[in-house]
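> First, the structure itself, so that you have it in front of you.
The values are calculated or read from the model by the stated rules, or taken from the named source; none is laboratory data. Being a predicted model, the structure only gives us computed values, none of them experimental. Counting neighbours? That spans all protein chains shown, and the Cβs are built from the backbone with ideal geometry, glycine included. When the accessible area is computed, the model is the full protein with side chains, heavy atoms only, and any ligands, DNA or RNA have been set aside. Shrake-Rupley method; radii C 1.70, N 1.55, O 1.52, S 1.80 Å.
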Amino acid sequence: MKKIKEVLVVEGKDDTKQINRAVNADTIETRGSAIDDDTLALIAKLADQRGVIIFTDPDFSGEKIRKIVAEAVPNAKHAFLPKAEGRPDKAGGSLGVEHASPAAIRAALDHVYTETTAAPTLITHEDLMAAGLIGGPGAKERREQLGEILQIGYVNGKQLAKRLRMFGIQPEDFATALKQVRAKEDKYEE
């Protein structure tokens, strides 16, 4: 079983159990989005000692936790689980890492990003408009697909350019992912 050096920041004990089925890793649980100062201090200490990977649920709450931790620990790495991989088997459950297969968890951890504020803007707002990722019919669905292909998670139209810049997504990687999004659309239109 693959050993992860960094400590994974997850939301709860069910996430930890599922991750341990996929990889050998230590976790720290935030126990929801009301993260206390002691937990943030512990995450910061672990980031300095071993590094941390933020691996939260692919939903609003998970994104909120990701932002809180990333603000407190700017050198944290990020792993994203596609929404489709975090869906529960039973109706009525919420999206979460605890529902992901071991293969999906390993795939997400194979594509870890580190935020950088110094990255230049390689993909502009105009590029996103031209690609149909902002405004207009189907933009949200295209952003969801793009986020899954690039493994950067889902963000709204206002945040997409920032997320692409923060993770240093190169124009050629963006173009390749966009081709895949368009190919899926063409397939559905047939």
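> To the nearest 0.05, what FRET efficiency results for Arg182 and Glu71 with a Förster distance of 41 Å applied to their C-beta separation?
Here the calculated transfer efficiency is 0.75.
> Can you report the principal axis dimensions of the stretch 72-157 using only the alpha carbons, biggest first, rounded to whole angstrom?
Here the Cα extents, ordered largest to smallest, are 40, 36, 23 Å.
> Give me the one-decimal nm value for the distance between modelled label points at Thr121 and Glu29, 7 Å along each residue's Cα-to-Cβ direction.
Computed distance between label sites Thr121 and Glu29 equals 4.2 nm.
> Between Arg50 and Asp14, what length in nm is gained on full extension when 0.36 nm per residue of separation is reduced by their alpha carbon distance?
Taking Arg50 through Asp14 to full extension adds about 10.7 nm, to one decimal.
> Normalised by the residues of the chain, what does the relative contact order come to in percent, with Cα pairs under 8 Å and at least six apart?
Computed over the chain, the figure is 18 percent.
> Now for a different question. Could you give the size of the charge dipole of the chain about its Cα centre, using +1 on the Cβ of each K and R and -1 on the Cβ of each D and E, expressed in debye and rounded to the nearest 20?
Computed about the Cα centre, the dipole is about 220 debye.
> Enumerate the lysines that Lys5 could reach by cross-link, defined here as Cα to Cα under 27 Å, with residues fewer than 8 away along the same chain left out.
Partners found: Lys13, Lys17, Lys45, Lys64, Lys67, Lys77, Lys83.
> Skipping prolines and chain starts, which residues have an amide H placed within reach, meaning under 5 Å, of the one on Thr27, given they are 5 or more residues away or on another chain?
Correct list: Leu8.
> Something else about it: At 222 nm, what helix-only mean residue ellipticity would the chain give, in deg cm²/dmol to the nearest 500, using -39500 (n - 2.57) for each DSSP H run of four or more?
Taking each H run of at least 4 residues, the total per residue is -15000 deg cm²/dmol.
> Build a GNM of the chain with springs between Cα atoms under 10 Å: which of Asp57, Asp38, Asp110 gets the top mean-square fluctuation?
In this elastic network of the chain, the residue with the biggest mean-square fluctuation among Asp57, Asp38, Asp110 is Asp38.
> Which value, in nm² and rounded to one decimal, describes the direction-averaged projected area of the C-alpha convex hull of the stretch 1-110?
Mean shadow area of the hull around the Cα atoms is 6.2 nm².
> Quick one: pull the percent of accessible area on the stretch 28-146 belonging to carbon and sulfur, 1.4 Å probe, ligands and nucleic acids left out.
Carbon with sulfur: 53 percent of the solvent-accessible area.
> Toward the positive end of the charge dipole of the stretch 82-186, about the Cα centre and with charges on Cβ (Lys, Arg +1; Asp, Glu -1), which of Leu146, Leu109, Ile134 goes farthest?
Ile134
> Computed FRET efficiency, Cβ-Cβ of Asp89 and Ala41, R0 41 Å: what is it to the nearest 0.05?
That gives a FRET efficiency of 0.65.
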